[in-house]
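Report on one structure; see the data block that follows.
The values are calculated or read from the model by the stated rules, or taken from the named source; none is laboratory data. Quantities reported herein were computed from a predicted structural model and do not represent experimental measurements. When we count neighbours, we look across all protein chains shown, and the Cβ atoms used for this are built from the backbone with ideal geometry, even at glycine.
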Amino acid sequence: MPEFEVTLNTLYELLQSHTLRFDRMDERFDRMDQRFDRADERFDRMDQRFEGADKRTDTIEAKLGRIESVQNAMALRLITVETTVLEHSSLLSSLDIRVNSLHGLVEELERRTGRIEQEYIMITEALRRLEGRFDKLEADRLRERIAALEARVQALETAQA
């Protein structure tokens with residue numbers, strides 16, 4: 001192997017060749033630094049966008065929380081309303097049974113009252129016919145009896161009404 005002679009000139013040449021290489025490497029590093037700076041700027045803009053999105057997300061979450069509390073309050077009210085409706089339904093069904101029973105009783109009373117009215121009309125007509133047959137004394141007695149009967153019938157009608 002030949003011996004390599006170290007001289008100032010060879011050192012200078014070596015330094016010159018390496019200096020050019022280092023200069024090219026520095027240029028490359030400078031370009032890479034510029035790329036990294038642009039990437040950092042992009043990341044900064046993206047961070048700003050994410051911060052804005054985070055604020056909007058926080059606002060939306062707060063609104064959703066308020067909506068959820070309103071929904072919970074509404075659900076409690078609906079449960080209360082359902083309970084009340086069930087209670088009222090049971091009351092209304094018992095009232096319906098009672099109304100139907102009373103309706104039957106009223107119909108029975110109307111039927112009886114109609115029969116009493118017919119009997120009253122028949123009795124008064126019969127008495128009028130009898131009045132025409134009897135003399136004045138008997139007519140007076142019959143009038144008294146009719147008045148008494150009419151009073152009794154009227155008392156019965158008022159008692160039923």
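Screening PHE22 with (1) over 30 Å from GLN160 (Cβ atoms); (2) exposed (fewer than 10 other Cβ atoms within 10 Å of the Cβ) gives one miss only, at (2). Return a yes/no flag: does the stretch 78-96 have any residue that is surrounded by 10 or more Cβ atoms within 10 Å (Cβ to Cβ), among the hydrophobic types (A, V, I, L, M, F, W, C), closer than 30 Å to THR158 by Cα and free of Cβ contacts under 8 Å to residues at least 12 places away in the same chain. Yes, because at least one residue in the stretch 78-96 is surrounded by 10 or more Cβ atoms within 10 Å (Cβ to Cβ), among the hydrophobic types (A, V, I, L, M, F, W, C), closer than 30 Å to THR158 by Cα and free of Cβ contacts under 8 Å to residues at least 12 places away in the same chain.
Against the conditions (1) modelled with pLDDT of 85 or more; (2) more than 60 Å from the chain's Cα centre (by Cα); (3) surrounded by 12 or more Cβ atoms within 10 Å (Cβ to Cβ), ALA126 satisfies every one except (3). Among the residues making up the stretch 143-161, a single one is touching a helix residue (DSSP H, G or I) at 6+ places or on another chain (Cβ under 9 Å) and of a type in the set (Gly, Ala, Ser): ALA161.
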